[in-house]
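Step one of this worksheet: look at the structure below.
Coordinate-derived values only; no laboratory data. What you see is a predicted model, and the numbers here were worked out from it, not measured in a lab. Counting neighbours? That spans all protein chains shown, and the Cβs are built from the backbone with ideal geometry, glycine included.
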Amino acid sequence: MATKIYIVYYSMYGHVAKLAEEIKKGSSSVEGVEVKLWQVPETLPEEVLVKMGAPPKSDAPIITPNDLAEADGILFGFPTRFGMMAAQFKAFLDATGGLWRTQALAGKPAGLFFSTGSQGGGQETTPLTAITQLAHHGMIFVPIGYTFGAGMFEMEKVKGGSPYGAGTFAGDGSRFPSELELEQAFHQGKYFASIAKKLKSSS
Ligand SMILES: Cc1cc2nc3c(=O)[nH]c(=O)nc-3n(C[C@H](O)[C@H](O)[C@H](O)COP(=O)(O)O)c2cc1C
């Protein structure tokens, strides 16, 4: 049976969505892996989103908490708000109490990816503070570590991401993921899928 990977994200301006698409390509490149993209529900009213200059959402379906239980591995992606995950994503996770009660997600591998506006704005604190969510659900955090290799040591050009997962810098919103950041996202998808597949086949 195929290993089912869910990539679940929130993206207001499209940066996290772009990483999610690339991660999907990476996961899909692993044989015997099925990948599905999902987004979490928006919590802000349309008039606020308009004032914030948010473009229309992608066409990824909206996930409900119970959908998570079907996955063999889940990658969670979100933009930073004051160094932590956006409230939209937290609101979704706050609705997973039923899954927590039965520990339905326990033992499933989980990865994290993220976008910040600036350097020092949360490329490490955003995933680090998200680990509490995984711990309470009993999920197995799969960081990318330094498996991306030389790309982790890029010093000439600005590059998002960290050992915790793939990332990008949105800047004032006009900067979109660089080639190297997209390569890292692809790598995360592939690396994570290979681990999820191993875990599934050994269970
Ligand atoms: C209320 C608010 C708080 C934010 N806080 C941070 C922050 O602490 N650090 C940072 O680097 N960027 C911060 N940002 C910028 C967002 O992280 C940026 O818009 C996001 O990474 C873009 O991703 P998206 O296109 O997927 O929405 C903030 C943005 C908003 C609206």
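Specify which of the listed residues (123, 103, 119) is buried (at least 23 other Cβ atoms within 10 Å of the Cβ), more than 20 Å from residue 28 (Cα to Cα) and touching a Gly at 6+ places or on another chain (Cβ under 9 Å).
Only one candidate qualifies: 123.
Residue by residue through region 1-49, note down the ones that are among the charged types (D, E, K, R) and either out of contact with any strand residue (DSSP E or B) (no Cβ under 8 Å at 6 or more places or on another chain) or under 17 Å from residue 59 (Cβ atoms) (or both).
Listed by number, the residues that qualify are 18, 21, 22, 24, 25, 31, 36, 42, 46, 47.
What's the number of the condition residue 172 fails, among (1) out of contact with any strand residue (DSSP E or B) (no Cβ under 7 Å at 6 or more places or on another chain); (2) surrounded by 15 or more Cβ atoms within 10 Å (Cβ to Cβ)?
Evaluating residue 172 over (1) out of contact with any strand residue (DSSP E or B) (no Cβ under 7 Å at 6 or more places or on another chain); (2) surrounded by 15 or more Cβ atoms within 10 Å (Cβ to Cβ) leaves (2) as the failure.
Between a first residue in region 169-187 that is under 17 Å from residue 13 (Cα atoms) and a second residue that is acidic (Asp, Glu), which pairs have beta carbons less than 6 Å apart while being 6 or more apart in sequence or on different chains?
Taking only residues 6 or more apart or on different chains, the pairs are 182/22.
Mind listing whichever residues of region 154-178 are of a type in the set (S, T, N, Q), within 13 Å of residue 18 (Cβ to Cβ) and within 13 Å of the ligand (Cβ to nearest atom)?
Passing the criteria: only 168.
Do you know which residues across region 143-157 are more than 28 Å from residue 72 (Cα to Cα) and either part of a loop (DSSP other than H, G, I, E, B) or under 20 Å from the mean Cα position of the chain (by Cα) (or both)?
Matches in region 143-157: 151, 154, 155, 156, 157.
Name the pairs: first residue in region 20-40 and within 12 Å of residue 184 (Cα to Cα), second residue basic (Lys, Arg), Cβ to Cβ under 6 Å, at least 6 apart or on different chains?
Qualifying pairs under 6 Å: 26/190.
Given the structure, is residue 160 buried (at least 21 other Cβ atoms within 10 Å of the Cβ), over 13 Å from the mean Cα position of the chain (by Cα) and outside any helix (DSSP H, G or I)?
So residue 160 passes the test.
Just to be sure before I move on: is residue 194 free of Cβ contacts under 8 Å to residues at least 24 places away in the same chain and either of a type in the set (S, T, N, Q) or under 20 Å from residue 127 (Cα atoms) (or both) in the structure I sent?
no
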